[in-house]
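Below: the structure, in structure tokens.
The values are calculated or read from the model by the stated rules, or taken from the named source; none is laboratory data. As the structure is a prediction and not an experimental result, all values here were calculated from the model. Glycine gets a Cβ as well: all are built from the backbone with ideal geometry, and neighbour counts include every protein chain shown. Ligands, DNA and RNA are excluded from the accessible area calculation, which covers all protein heavy atoms including side chains. Shrake-Rupley method; radii C 1.70, N 1.55, O 1.52, S 1.80 Å.
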Amino acid sequence: MEVDPSQALEAQRKAHPELGEQLDKMQKYMTAKLYHQLTQTLLEYLVSPPFTSPAAADELKGFFDSFIKGFDSKFDKVRWVQILSIIAKPQTPAVALELIAPFEEAMSGSRDAKFLWLTLKGEKLTLSGDTDAAKELLDNLGAEIEAAYEVQALLQSHFHKTKALLWKTLSRPQEFYKSSILYLAFTPLEAIPVEERPRMAFETVVSALVAEEEFNFGELTQQEIIPSLEGSSFAWIRELLQAFSEGKFDLFDSALAKNKAQMDATPELKSAGDTLRRKMCALSLMELAFRKPKKQRRLNFAEIAQHCRVGASEVEHLVMKSMCADLIRGQIDEVNQLVTVTWVKPRILDPVRIDLMRERMDAWASQTGLLLEHLEQVTPELLVS
């Protein structure tokens, strides 16, 4: 027995009189068969405050069955999957998978809708605990997206967010960080709910800190989401991020001492004490080499040991590990206990490093001017026009 969609709207009107204006629009667009406008109004309606809590799960599903479902062939397919995603969000993973399953074949006719539907399925599989199936699905989907032409930013955003969820569930911080950065690259800040931003920023920073192979903290500090930490219970993590970004042990020690309680309350950080110190040593070595003029990057073991807070016997191991991670390049002279650095991994230039580069440019310009004066004095006949 079919349900009259007008009755479904009337039931919503009684339940949520404050949303009467949007319901009037839906009635109007439905009657006029203006399905594009109906879709847009429906999407706005479904993210209204009454439907954002888990308690709205049954109501959303009932509204879907009595009203929305009848338009599955009328709506744009990508928009349809967006609606499915909203309806499925507060449901249990099992109910959500059952809800979206009947639309797999219909979505296969549109590349973008298919990508979005598969991403949604991957999310629900992950939440259900079936991470093997989720990983296989998302790996295959990732290859398809990579090979596809002009995939919408919306689809990329949803895909990388779901991949980040999978890596978080599997406790793989390196991959979680990479997927999170890609998600942020494809997602405007205003598209991320304000209340979700601080925790998302915090989890991204923590994953970067504990990931063994991640040293590019300058890129992280430039992310638009990082300022959302201010004023939240996660604000303290910025001090640790700053220490790693600048490669300064004084900042690192200060952050550890000041925020010990918060770090102990964060399992990922508490269990990664050795990793944090090893990475800090490597970043400190990078900073030491960067601050040396290019022709003076001959570092003795004693200087490295003091600056990087390691024992004299650990210096060679630190330098070799840094070279293996492609943070620096150069040669080690074990006999004279010297390290000649020929290259330092490029980093984001903050105001301090920009000032340092400006000083070097000024020094170079001054030396060039002196050289020109010398040439004018010793070879005047060659310089007279």
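Couple of notes before you dig in:
- Surface exposure of the range 85-221, expressed per residue as accessible area with a 1.4 Å probe, stands at 47 Å².
- The order of the peptides 285-297, 172-184 by mean Cβ neighbours within 10 Å, most packed first, is 172-184, 285-297.
- On full extension, the segment bounded by Glu224 and Ser171 gains 16.6 nm, given 0.36 nm per residue less the C-alpha separation.
- The range 33-113 has equivalent-ellipsoid semi-axes of 20, 16, 10 Å, by the square roots of 5 times the alpha carbon gyration tensor eigenvalues, sorted largest first.
- For the chain, a simple Cβ point-charge model (Lys and Arg +1, Asp and Glu -1, everything else neutral) yields a dipole of about 340 debye relative to the Cα centre.
- Surrounding net charge for Glu144, when Lys and Arg each add one and Asp and Glu each subtract one, Cβ distance under 11 Å: 0
- Peptide ranges 242-255, 100-113, 217-230 listed from the most packed, as the mean C-beta count within 10 angstrom indicates: 242-255, 217-230, 100-113
- Burial order of peptide ranges 76-89, 141-154 (average beta-carbon count within 10 Å, highest first): 76-89, 141-154
- Distance histogram in 10 Å bins (all Cα pairs of the chain, percent per bin): 4, 18, 22, 19, 14, 10, 7, 4, 1, 0, 0
- Atom-type composition of the exposed protein surface of the chain places 54 percent of the accessible area on carbon and sulfur (1.4 angstrom probe).
- Counting only Cα atoms, the range 59-179 measures 44, 33, 20 Å along its principal axes, largest extent leading.
- Scaling against 2.2 N^0.38 Å puts the C-alpha radius of gyration of the range 157-255 at 1.03.
- Nonlocal amide H pairs with Gly330, under 5 Å, H built at 1.01 Å: Thr342
- The label point for Asn216 and the one for Lys295, both projected 7 Å from the Cα toward the Cβ, are 3.3 nm apart.
- Taking 0.36 nm per residue of separation and subtracting the Cα-Cα distance, full extension of the segment from Asp4 to Ser254 would add 83.4 nm.
- 3J(HN,Hα) along the range 215-231, derived from phi through the Karplus expression 6.51 cos²θ - 1.76 cosθ + 1.60 where θ = phi - 60°, amounts to 10, 8, 7, x, 4, 5, 5, 8, 5, 4, 7, 4, x, 5, 5, 4, x Hz, with x in place of Gly and Pro.
- For the chain, the relative contact order is 8 percent, taking Cα pairs closer than 8 Å that sit 6 or more residues apart in sequence and dividing their mean separation by the residue count.
- Across the range 93-105, rounded Karplus estimates of 3J(HN,Hα) from the backbone phi angles (6.51 cos²θ - 1.76 cosθ + 1.60, θ = phi - 60°) give x, 5, 5, 4, 4, 5, 5, 8, 3, x, 9, 4, 5 Hz, Gly and Pro being marked x.
- Label zone at Ala261 (point 7 Å along Cα-to-Cβ), backbone N below 15 Å, the range 216-250: 233-237
- MRE, 222 nm, helices only [DSSP H, n ≥ 4, -39500 (n - 2.57), over the chain, to nearest 500]: -20000 deg cm²/dmol
- Between Glu146 and Glu98, the modelled labels are 3.7 nm apart [label points 7 Å from Cα along Cα→Cβ].
- Inter-site label distance for Arg309 and Gln367 at 7 Å from Cα along Cβ, in nm: 3.3
- Whole-number percent relative contact order across the range 1-136, with pairs defined as alpha carbons under 8 Å at least 6 apart: 19
- Centre-to-centre separation between the Cα atoms of the range 61-103 and those of the range 193-250: 36 Å.
- Here the gap between Thr52 and Ala302, fully extended at 0.36 nm per residue and compared with their Cα-Cα distance, gives a gain of 84.1 nm.
- Per-residue HN-Hα couplings for the range 263-275 [Karplus 6.51, -1.76, 1.60; θ = phi - 60°; Hz; x = Gly/Pro]: 5, 5, 7, 10, x, 4, 6, 4, 8, 10, x, 5, 5
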